[in-house]
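The values are calculated or read from the model by the stated rules, or taken from the named source; none is laboratory data. What you are looking at is a predicted structure, and each value in this text was computed from that prediction instead of being measured. Heads up, the Cβs are rebuilt from the backbone with ideal geometry, glycines too, and the neighbour counts pull from every protein chain shown.
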Amino acid sequence: MAKGRFDVNPFPDVSVSEEERQQLIDLVNGYLLSYFHEYEEFAIDDKHKVNEQRWKHVKSKDNLH
């Protein structure tokens, strides 16, 4: 990767009101809570078992799978 590749932001600044800013923060927090809940279900309820109907094995290296 080239050094200093992202020194300058190519996108213009976006101005939002305080209300819009709070709405965006609330939206992101909602997504995070949802994904944390999904992870907790996977880690605790499903005991880290992958749904084999949803995911298929593609490749292994050195018998690590």
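Points to keep in mind about this one:
- On inspection, A43 fails the criterion of being at pLDDT below 85, among the small types (G, A, S) and assigned to a loop (DSSP other than H, G, I, E, B).
- Some residue of the stretch 15-29 being loosely packed, with under 10 Cβ neighbours inside 10 Å, part of a loop (DSSP other than H, G, I, E, B) and free of Cβ contacts under 8 Å to residues at least 40 places away in the same chain: yes
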